[in-house]
Amino acid sequence: MMDQALVYEGLSGLSLERIYVFPEVDSTNDEAKRRLQGRRSVLVLAERQRRGRGRQGQRWESPPGGLWFSLGFRERNVKNIPLLSLLAGAATAQGLRESGFAARIKWPNDILISDRKVAGILVEMEAEGPGSSIVIGIGINVNIAEEELQKRLGPAGVQVGTLMAIAGHPLDRVAILLQVLQRFFPLWRSWKEGRVEPILQSWKGLSLTLNERVLIIAAGRRIEGTAVGLDHNGALLVRTADGRLQRVTEGHLIHLVL
């Protein structure tokens, strides 16, 4: 069980109204939405999620030993929500790199180390009265047996990994959490102030996708070409063989081997 005293002490300087640590929840995103009622910001951590989920409604098992947490915020004048996915991806990858791992980002926010997915992110928003609730869920495979995780979690074509297997020993989850959140909040302030470039540049500097040949499958469409950049809303720009520039906002991305 994560040491709650260390969590509260380590995160005391961050801009969070309340911090919650649970042994088990259905979903940290759902719990953050509930706990956000009447508050401006919360952090929810759990040792285990019974019904975690990923993008496109995929169920994501969350066994003990990982870092499963959600940040919840209540904001007015919300805009450019898609950029939050890149923001969270950049902060997570930067935090893992500060922890000694060569983490990179596959568009939009899958965190990979040596082609093994070690973390995923889900951003959800609900309009409520004059403002909106924003919940950013982050899951990092830390102290879990890699073979068991691959058996339970690995969909076709995805090789999952854990930090413990990569490092060869168990790691301090609170220290990794703090590294991620220390990178998250400066980018969050940039987003709130409407400053896009710090977020885009942070993401681009860690990207595995830019300048690569890709195939994107979304809503019955297949787009194949070279990923050449991002627009100011975080959409991926893909140059197809006929020279057209396609703007992609969602879909399953595959890196093509030349």
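Which numbered condition trips up A227, out of (1) more than 24 Å from I113 (Cα to Cα); (2) touching a residue at least 60 places away in the same chain (Cβ under 8 Å); (3) not polar (S, T, N, Q)?
Result: A227 passes all but (1).
Can you tell which of L187, L215 is buried (at least 20 other Cβ atoms within 10 Å of the Cβ) and not charged (D, E, K, R)?
Residue meeting the stated conditions: L187.
Here is a check on your reading of the model: is I111 of a type outside the set (G, A, S), touching a Lys or Arg at 6+ places or on another chain (Cβ under 9 Å), in a strand (DSSP E or B) and surrounded by 23 or more Cβ atoms within 10 Å (Cβ to Cβ)?
The answer is yes for I111.
Is there any pair linking a residue in the stretch 240-254 that is free of Cβ contacts under 8 Å to residues at least 60 places away in the same chain and surrounded by fewer than 14 Cβ atoms within 10 Å (Cβ to Cβ) to one that is in a strand (DSSP E or B) and among the charged types (D, E, K, R), with Cβ under 6 Å and at least six apart or on different chains, and which?
Close Cβ pairs satisfying both conditions: L245/R239.
Name the one entry in I138, I134 that is buried (at least 24 other Cβ atoms within 10 Å of the Cβ) and assigned to a strand (DSSP E or B).
Checking each option against the conditions leaves just I138.
For the stretch 210-227, give me the residue count where each residue is farther than 19 Å from I105 by Cβ, part of a loop (DSSP other than H, G, I, E, B) and not aliphatic (A, V, I, L, M).
Qualifying residue count, the stretch 210-227: 1.
Any read-out appearing in this document is the output of simple, stated calculations on the displayed coordinates, not a laboratory observation. Being a predicted model, the structure only gives us computed values, none of them experimental. Cβ atoms come from the backbone with ideal geometry, glycine included; neighbour counts cover every protein chain shown.
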